[in-house]
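Reading through the structure tokens given below for one structure.
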Amino acid sequence: MHDPLSMLFETVNEVMVMLLSYGLMMFNDYLNPDQREWMGWYLCGIVAIYLSLHLTRLGIKKFW
């Protein structure tokens with residue numbers, strides 16, 4: 001049986017993958033350069049949040 005934290009992170013993983021997929025679908029030739037720059041920063045931000053959540057979880061599991 002999975003603990004509640006693992007089940008929460010399963011859901012977070014699915015949401016993050018969905019947000020990243022939507023962001024990558026928006027990266028196309030129809031965007032002007034300003035919008036592409038904004039979309040790039042959006043993707044960088046989502047990846048940073050994703051990594052920080054998992055590193056925090058790893059730290060909690062390792063040192064708890």
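Read-outs throughout are calculated quantities, based only on the coordinates presented, and are distinct from any laboratory measurement. Because the structure is a prediction, the values reported are computed rather than measured. Cβ placement follows ideal geometry from the backbone for every residue including glycine, while neighbour counts extend to all protein chains displayed.
If you put +1 on each Lys and Arg Cβ and -1 on each Asp and Glu Cβ, how big is the dipole of the chain around its Cα centre, in Debye rounded to 20?
My answer is approximately 320 debye.
Which of the listed residues, 51, 2, 63, is farthest toward the dipole's positive end in the chain, when Lys, Arg count +1 and Asp, Glu count -1 at the beta-carbon?
63
Please compute the Kirkwood hydrodynamic radius over the chain, one decimal place, Å, based on all pairs of different Cα atoms.
Value: 13.4 Å, from the Cα pair sum.
Helix 33-63 versus the longest principal axis of the chain: what is the Cα-based angle in degrees, 0 to 90, to the nearest 10?
With both axes taken from Cα atoms, the answer is about 10 degrees.
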